[in-house]
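Please treat every number below as a calculation from the coordinates, not as lab data. All values reported here derive from a predicted model rather than from experimental measurement. Ideal geometry is used to build each Cβ from the backbone, glycine not excepted, and the neighbour counts take in all protein chains shown.
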Amino acid sequence: METPVNLLDFDVDGLVAWFAERGEKPFRARQVMRWMHRFGETEFDNMTDVAKSLRAKLAQEACIRPPQAIRDSVSEDGTRKWLLDVGNANAVEAVFIPETNRGTLCISSQAGCALDCAFCSTGKQGFNRNLSAAEIIGQLWLANKLLGGTATPAGAKDADGDADNGRVISNVVMMGMGEPLANFDNVVTALRLMLDDHAYGLSRRRVTVSTSGIVPAMDRLREECPVALAVSLHAPDDALRDRLVPINQKYPLRELMAACRRYLERAPRDFVTFEYVMLDGVNDSDAHARALVALVRDVPCKFNLIPFNPFPNSGFDRSQPERIRRFAGILIDAGIVTTTRKTRGDDVNAACGQLAGQVQDRTRRTVRLVKSMEDRA
Ligand code: SAH
Ligand code: SF4
């Protein structure tokens with residue numbers, strides 16, 4: 001028997017086409033879409049308004065298979081983290097960060113990452129494989145299902161003044177493991193599902209892709225599915241950025257800044273967010289801050305400073321709080337909105353860039369654990 005097709009791999013157009021090949025009407029595809037994504041249904045037989053004959057046909061040829069959570073941890077500050085099995089002893093993580101007026105889900109796009117940024121534990125792990133569209137959207141599917149019922153106050157507004165309609169997950173950021181734009185097609189399929197009213201119906205402004213700066217893919221994203229953009233800058237000049245973010249050797253800062261300006265012509269927000277990891281004595285001096293101000297002069301932007309999250313043998317230290325305050329002060333004095341990221345979920349190792357090293361260890365540990373439980377059973 002052929003392996004059943006996982007319907008979580010399709011965006012709406014894809015599912016309509018797949019239904020059409022089987023002589024089924026587009027509205028049937030949209031019905032099934034709503035069952036899968038809005039109601040988290042995995043059994044065709046429970047889709048009560050779908051014709052019985054179609055349900056039987058679907059059950060023969062297809063399945064709805066989200067990733068499995070092999071670990072679910074809640075931090076003292078409410079941050080919740082899932083470790084998701086993606087086969088072959090690989091795992092990725094999704095993290096939910098509740099705040100008063102919004103709930104942000106941070107999801108992964110690849111198992112590992114090939115880009116090898118100097119300060120990133122995912123990068124240190126190397127590249128394993130791209131996640132499928134089902135594995136990417138499956139993180140939202142799963143979190144949505146498991147978090148159901150604990151909504152933020154209906155009509156609450158976030159800092160940007162958007163109402164979030166009382167959704168538990170009001171924002172999605174692709175800032176987990178992997179470089180989203182290096183897994184372009186599957187990421188775009190998942191983004192389309194996030195935006196589609198038959199699935200999650202999030203606004204483009206509330207879905208953010210974070211990239212280390214793959215310039216041609218930024219141009220494609222702007223054409224195919226413009227959502228909010230965050231760019232991992234981390235250095236104000238090519239010499240330093242070449243070292244910290246090696247993809248800079250291919251797409252240097254001048255090209256990256258030009259790509260950001262082009263992106264803004266189509267972006268749902270009128271600024272790019274620059275992420276900047278604060279590395280003690282490496283990229284955190286007053287001179288670095290002043291050079292940044294000059295670099296981004298022509299790019300409407302905000303800055304998000306991320307205190308470095310240490311991991312074993314990283315070779316870097318986190319900048320001192322006072323240094324981060326002064327650095328932020330220089331950007332703010334130049335008129336750039338600058339925030340410093342709170343470190344959340346420290347006690348479950350859910351902070352930025354901490355995910356992978358831990359995953360690898362834990363995966364092995366978890367696999368061992370599961371195996372020893374099986375042995376005992
Ligand atoms: N690959 C994408 C998105 C995932 S990483 C990218 O690089 O943008 C999300 C953010 O965390 C990026 O800005 C990344 O540079 C940063 N990051 C990676 N390792 C980190 C660490 N150890 N401490 C703090 N931030 C880190
Ligand atoms: Fe990959 Fe982003 Fe980590 Fe760089 S920072 S290695 S691009 S996940």
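Below are the figures for this structure:
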quantity: Fewest-first ranking of 22, 318, using other Cβ atoms within 10 Å as the exposure measure; calculated: 22, 318
quantity: Assigned charges on the beta-carbon of Lys, Arg, Asp, Glu; segment 5-63 dipole about Cα centre (debye); calculated: 260 debye
quantity: log₁₀ of I(q)/I(0) at q = 0.11, 0.21 Å⁻¹ - segment 1-145, Debye sum with one point per alpha carbon; calculated: -0.51, -1.26
quantity: Amide H contacts under 5 Å for residue 75, placed H, 5+ residues apart; calculated: 80, 81
quantity: Volume per residue of the C-alpha convex hull in segment 164-261, rounded to whole Å³; calculated: 106 Å³
quantity: Between 0 and 90°, nearest 10: helix 321-333 axis offset from the chain longest Cα axis; calculated: 90 degrees
quantity: Added length on full extension, which subtracts the Cα-Cα distance from 0.36 nm per residue, residue 70 to residue 249; calculated: 60.7 nm
quantity: Histogram of C-alpha separations across segment 5-63, 5 Å bin width, %; calculated: 4, 20, 36, 32, 8, 0
quantity: Number of Lys pairs (Cα under 22 Å; 8 or more positions apart or on different chains) in the chain; calculated: 9
quantity: Angle between the chain longest axis and helix 133-147 axis [Cα atoms, degrees, rounded to 10]; calculated: 90 degrees
quantity: Mean ellipticity per residue at 222 nm, deg cm²/dmol - from DSSP H runs of n ≥ 4 across the chain, formula -39500 (n - 2.57); calculated: -11000 deg cm²/dmol
quantity: Relative contact order of the chain, pairs being alpha-carbon contacts under 8 Å that are 6 or more residues apart, as %; calculated: 15 percent
quantity: Relative compactness, the chain, computed as alpha-carbon Rg over 2.2 N^0.38 Å; calculated: 1.01
quantity: Ranking of 222, 266 by count of other Cβ atoms within 10 Å, fewest first; calculated: 266, 222
quantity: With Cα atoms, 0 to 90° folded angle of helix 52-61 axis to the chain main axis; calculated: 60 degrees
